[in-house]
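Worksheet: one structure, shown below.
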Amino acid sequence: MLPPNGDDLLKAVIFDMDGVLVDSMSYHAEAVQHIFDEIGVDMDKQDIFEREGERTVDIVEFLLEKGTENASEYDISDIVERYIAEFNRIAEMKVFDGMQECLNVLKERFDLAVVSGSDRPIVNYIINSQYPGVFRELVTADDVQRGKPEPDPYLQAMKMLGIKKHEGIVIENAPMGVEAAKRAGLCCVAVPTYLDPGKFHQADMVMKDHIQLVEFLMKLEPSYDCPQSKS
Ligand code: CA
């Protein structure tokens, strides 16, 4: 029998979606690019990768302000709606190898949640089709006033899961997402799916790739002690 230590146990694992559970960022970037081509505003796809994690509405606002002097004349919610339809039209679901099997094991040990900057229709579609019955809670762009890098989406997940900050661990692949998790006081593991690993200095640990991430998760136990809790 382990000594009673209930207060220190890890209870929940919180996953970002795009770039962690599914290899989807190129489709998000392409869908936004198509709509910006339609409205005749120049944009740089790299900005979308740099700002990954933010809500679409915030990314669109940034791109409009950067790409045109008449940003205020555009209907952002209309652009977001068109982007969602375009994403659904072009996206092919690519799940990272081993993640589905891994999460089906992990859900027996922990409560699992998704915290995504993606819009609710996209999150529902991806999670219901690729990870059915895996997650207890989902937080999407539509559930918070302020998205990543603000801590709000992660604070919302902690509330829904009923956990304290030392009882959760976050898996992220974008610097804005890592910042959000850290500002919420959570332990954060990063996997640099689309950007240079050097951009993840705020994370408590940086994995080499998804293979190493799956290995880490398969071994994760409630007794896990995050490096941050020692500092
Ligand atoms: Ca992400």
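The values are calculated or read from the model by the stated rules, or taken from the named source; none is laboratory data. Values in this document were obtained by computation on a predicted structure and should not be read as measured data. Here the Cβ positions follow ideal geometry from the backbone for every residue, glycine too, while neighbour counts run over all protein chains shown. Note: accessible area is taken over every heavy atom of the protein model, side chains too, but ligands, DNA and RNA are not part of it. Shrake-Rupley method; radii C 1.70, N 1.55, O 1.52, S 1.80 Å.
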Q: May I ask you to say which residue of Phe87, Phe49 is under 30 Å from Pro227 (Cβ atoms), under 19 Å from the mean Cα position of the chain (by Cα) and surrounded by 15 or more Cβ atoms within 10 Å (Cβ to Cβ)?
A: Phe49
Q. If you take the residues of region 107-131 that are free of Cβ contacts under 8 Å to residues at least 24 places away in the same chain and among the polar types (S, T, N, Q), which of them is least open to solvent (accessible area, probe 1.4 Å)?
A. Asn124
Q. Looking only at region 44-74, which residues are under 27 Å from Asp143 (Cα atoms) and more than 16 Å from the ligand (Cβ to nearest atom)?
A. Val57, Val60, Glu61, Phe62, Leu63, Leu64, Glu65, Lys66, Ala71, Ser72, Glu73, Tyr74
Q) In region 102-119, which residues are more than 16 Å from the ligand (Cβ to nearest atom), of a type in the set (D, E, K, R) and out of contact with any Lys or Arg (no Cβ under 7 Å at 6 or more places or on another chain)? A) Lys107, Glu108, Arg109
